[in-house]
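K.L.:
Quick one: structure below, then a few questions.
The values are calculated or read from the model by the stated rules, or taken from the named source; none is laboratory data. Predicted, not measured: the structure shown is a model, and the values here were computed from it. Neighbour counts are summed over all protein chains in view; Cβ atoms, including those assigned to glycine, are modelled from backbone coordinates with ideal geometry.
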Amino acid sequence: MLITCLGAFSQNNKGKSDDLARIALNTYIPDQVEGLTPGARNSLENKLSQIATTNGMGGSVFNPRFIITANIVVLTKDITPTAPPMQAFTLEVTLYIGDGIEGTLFASQSVTLKGVGENETKAYMAALKNLKTNDPQYQTFIDKGKTKIIEYYNSRCDFIIKEAQSLASQSQYDAAIYKLTTVPEVCAECFNKCMDAVAPIFQQRIDKDCLVRLAAANNIWSANQDVNSANSAGEVLAFIDPQAACYKDAQALTEKMAKRVLAIDKREWNFKLKVQQDGVDISKAAISAARDIGVAYGNGQPQSVVYNTRGWW
């Protein structure tokens, strides 16, 4: 059911730019760029981000692998024959798209920029301002990078799935689900394979979670079988997924606690486990849960990534 639902969800939402469904380019500015002041760094970073966003590939912290970066070479520095004299810079700015983790370059595009200012810093900044983020020449550059990224996923898909399955075998279910759900929908061949692989791992995840919560609830209840213990155990059981294998055991425990509360406290215990409502809600809940796991795991990862751009320029 989850496999079918996930597939239907992806087809019904083609074109949406959520972070787990699209190819994203993350902006990276290396430290060794020539003449780059803090202000110029911010300007260049914003320009790269705008180029990616304009072409539908804005960055995502959930999948930092693919980057758009740049290198700048100062071609000329001149002083204008004006009063007062001004600094005139000519810069060669080359943009790059690639796999920043493995260090594989996918595409590059160069542009020559000129700027004039009262001093070198202002002349440099003036030249960078002439980097047009909506220039049509970037479309081919972006498209080439995008094609290479799709090829990356489709050529390595079996490896991605095996790696996810290996993580799942070590009970690293969240990491496994994250790895599978970060494959963009546009990579249709690999995306569909990964959605097939998500279902059993998601089931393993909720089954393991159910067992852990059931054991904890049993321990709480066994320690002191009163209303307070029932409430505390109920708080643990409340998060068990109704599709988990031990759900019926959780139901049995809640029924046992309810009978005990009634016997010793002469009142009904109103706790209820999560329940499935209907087919549509089950589908939405399963989809949402799997994707939320991927998002939560991505958010919890360290934000600083060491990129490898050796040999790109």
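K.L.:
Exactly one condition in (1) surrounded by 17 or more Cβ atoms within 10 Å (Cβ to Cβ); (2) of a type in the set (A, V, I, L, M, F, W, C); (3) touching a residue at least 40 places away in the same chain (Cβ under 8 Å); (4) out of contact with any Pro (no Cβ under 9 Å at 6 or more places or on another chain) is not met by Val227; state its number.
P.N.:
(1)
K.L.:
Could you check, for segment 76-86, whether at least one of its residues is in a loop (DSSP other than H, G, I, E, B) and among the charged types (D, E, K, R)?
P.N.:
Looking for residues that are in a loop (DSSP other than H, G, I, E, B) and among the charged types (D, E, K, R), one finds none in segment 76-86, hence no.
K.L.:
Let me ask you something else. Restricting attention to segment 120-136, which residues are farther than 15 Å from Gly56 by Cα and either at pLDDT below 90 or among the β-branched types (Val, Ile, Thr) (or both)?
P.N.:
Thr121
K.L.:
In this structure, does Tyr173 turn out to be in contact with a Gly (Cβ under 6 Å, 6 or more places away or on another chain) and either among the aromatic types (Phe, Trp, Tyr) or free of Cβ contacts under 8 Å to residues at least 24 places away in the same chain (or both)?
P.N.:
no
K.L.:
Could you tell me whether Thr69 is closer than 30 Å to Gly300 by Cβ, in contact with a Ser or Thr (Cβ under 9 Å, 6 or more places away or on another chain) and either surrounded by fewer than 14 Cβ atoms within 10 Å (Cβ to Cβ) or not aliphatic (A, V, I, L, M) (or both)?
P.N.:
So Thr69 fits the description; yes.
K.L.:
Among the residues of segment 166-192, how many are under 16 Å from Gly294 (Cβ atoms) and either in a helix (DSSP H, G or I) or among the hydroxyl-bearing types (Ser, Thr, Tyr) (or both)?
P.N.:
Looking only at that region, the number is 14.
K.L.:
When segment 114-143 is examined, which residues are found to be of a type in the set (Lys, Arg), assigned to a helix (DSSP H, G or I) and touching a Leu at 6+ places or on another chain (Cβ under 9 Å)?
P.N.:
The one that is of a type in the set (Lys, Arg), assigned to a helix (DSSP H, G or I) and touching a Leu at 6+ places or on another chain (Cβ under 9 Å): Lys129.
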